[in-house]
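Let me begin by presenting the structure, written as structure tokens, before commenting on it.
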Amino acid sequence: MTDTLLILPGDGIGPEVMAEVSRIIDWFGDKRGLKFDVSEDLVGGAAYDVHGVPLADATMAKAQEVDAVLLGAVGGPKYDNLDFSVKPERGLLRLRKEMDLFANLRPAQCFDALADFSSLKRDVVAGLDIMIVRELTSGIYFGEPRGIIEENGERVGINTQRYTESEIDRVARSAFELARKRGNKVCSMEKANVMESGILWREVVQRVHDADYPDVELSHMYADAGGMQLCRWPKQFDVIVTDNLFGDLLSDVAAMLTGSLGMLPSASLGAPMANGRPKALYEPVHGSAPDIAGQGKANPIACILSFAMALRYSFDQGDEATRLEKAVEKVLADGVRTADLMQAEGGTPVTTAGMGDAILAALEASL
Ligand code: NAD
């Protein structure tokens, strides 16, 4: 059975960074025998220009069928005045919603050569490699009742934190599965000391662990202490699993441990499909960067590392994912820098395609 991959370059720098990923996909096909059945389609403003909607139904249907979707970025000033319902970002939201991608994976990985980008001391972040798994489709951002009401002559803002056992169960499973492909360690974060939803969260995570993942090391931590520990000594963690709100905060803190936006990949995973693989969307954390689009200045590494995540988590090619990550690490160690990385000491400035060339050369040298 051939592995299937849907590529959605999108807008702005999306197509530029995706062009480099496509060359890397071809390299893995030619040199490592990883043959993907790749199709490409439109999303965001690019889809609106052709179809009048930011994601056509046919593209949505294709996304539901493939083993993994890889997206560049959407949006741009050209589309700022469009009606809300057809804005480019709605295309991405539709993908996340209809694929029911409940586990958002945000790795925080610090390459040695860029350790001085962090606001923390070099020895705290150099070599860091952790993964935050954030529950993405429930919790306080979605719970009812919500709103602003009148009570006793003043206004009251209301949001409700709400988690069902099955929602906790499924995201916990995602975290344990990921841990098995990494350092085999999960730390679950909540506020079981003050929140009933936190008590339930802790109970269910422990239950899933004891029943099906006893081989994975599990610890629990209050989310506020977790935030502190992330800044104090982040290398103590492997996988962190947490709810939507805490995950929103903690994944941004963790991202900033490592520096530039042009370096950050992400994945969103859903339920397993018939072939046992999770539904999956991989994308860089950055947007379409209209300020540098079309100038060859974009750093393609976030998108390339998103493909490395796809290799590891959708295609069970952990060794090849490591090969690609090591190639990126080597290129950075050699001082190859796109414009966003030029504030680091010295370095050779390259374009987007120049960075792609250097990573391909490092892959070639890895054989
Ligand atoms: P942005 O991430 O596009 O850009 C922020 C800054 O980071 C810019 O200065 C940009 O030049 C720089 N930057 C981003 N990615 C880079 C890369 N790969 N290499 C070098 N520099 C990079 O965020 P923004 O400016 O707030 O938003 C621009 C557009 O992107 C908006 O339309 C927004 O809605 C959209 N957006 C899309 C996504 C997505 O597709 N997932 C995410 C965020 C923003």
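The values are calculated or read from the model by the stated rules, or taken from the named source; none is laboratory data. As the structure is a prediction and not an experimental result, all values here were calculated from the model. Glycine gets a Cβ as well: all are built from the backbone with ideal geometry, and neighbour counts include every protein chain shown. Protein only, heavy atoms only, side chains kept; ligands, DNA and RNA dropped before computing areas. Shrake-Rupley method; radii C 1.70, N 1.55, O 1.52, S 1.80 Å.
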Give the stretch 252-308 a look and list any residue that's without any contact (Cβ under 8 Å) to a residue 40 or more places away in the chain and over 30 Å from Ser166 (Cβ atoms), or say none. Asp291, Gln295
Out of the stretch 293-320, which residues are part of a helix (DSSP H, G or I) and among the hydroxyl-bearing types (Ser, Thr, Tyr)? Ser306, Tyr313
For the stretch 234-245, check the following and say yes or no: at least one residue is assigned by TED's automatic domain parsing to the domain that holds Ser188, closer than 19 Å to Pro107 by Cβ, under 15 Å from the mean Cα position of the chain (by Cα) and not β-branched (Val, Ile, Thr). yes
Strands (runs of 3 or more DSSP E) wholly in the stretch 88-156 with at least 3 residues that are free of Cβ contacts under 8 Å to residues at least 40 places away in the same chain and open to solvent by 70 Å² or more (accessible area, probe 1.4 Å) - which ones? 143-151
Considering only residues of the stretch 64-73 that are open to solvent by less than 20 Å² (accessible area, probe 1.4 Å) and not charged (D, E, K, R), which is nearest to the ligand (Cβ to nearest atom)? Ala73
Qualifying residues in the stretch 293-304 (those that are aliphatic (A, V, I, L, M) and more than 6 Å from the ligand (Cβ to nearest atom)) - the one most open to solvent (accessible area, probe 1.4 Å): Ala293
Within the stretch 264-292, which residues are outside any loop (DSSP other than H, G, I, E, B), more than 8 Å from the ligand (Cβ to nearest atom) and surrounded by 19 or more Cβ atoms within 10 Å (Cβ to Cβ)? Pro265, Ser266, Ala267, Ser268, Leu269, Gly270, Pro278, Lys279, Ala280, Leu281, Tyr282
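Residue by residue, here is whether (1) part of a strand (DSSP E or B); (2) closer than 18 Å to Ser197 by Cβ holds:
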{"position": "Asp210", "(1), (2)": "no, no"}
{"position": "Asp215", "(1), (2)": "no, no"}
{"position": "Ser219", "(1), (2)": "yes, no"}
{"position": "Ala225", "(1), (2)": "no, yes"}
{"position": "Gln229", "(1), (2)": "no, no"}
{"position": "Val241", "(1), (2)": "yes, yes"}
{"position": "Leu250", "(1), (2)": "no, yes"}
{"position": "Gly262", "(1), (2)": "no, no"}
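For every residue, the table says whether it meets (1) open to solvent by 60 Å² or more (accessible area, probe 1.4 Å); (2) touching a residue at least 12 places away in the same chain (Cβ under 8 Å); (3) in contact with a Pro (Cβ under 6 Å, 6 or more places away or on another chain).
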residue	(1), (2), (3)
Leu5	no, yes, no
Val21	no, yes, no
Trp27	no, yes, no
Lys31	yes, yes, no
Gly44	no, yes, yes
Tyr48	yes, yes, yes
Val53	no, yes, no
Ala56	no, yes, no
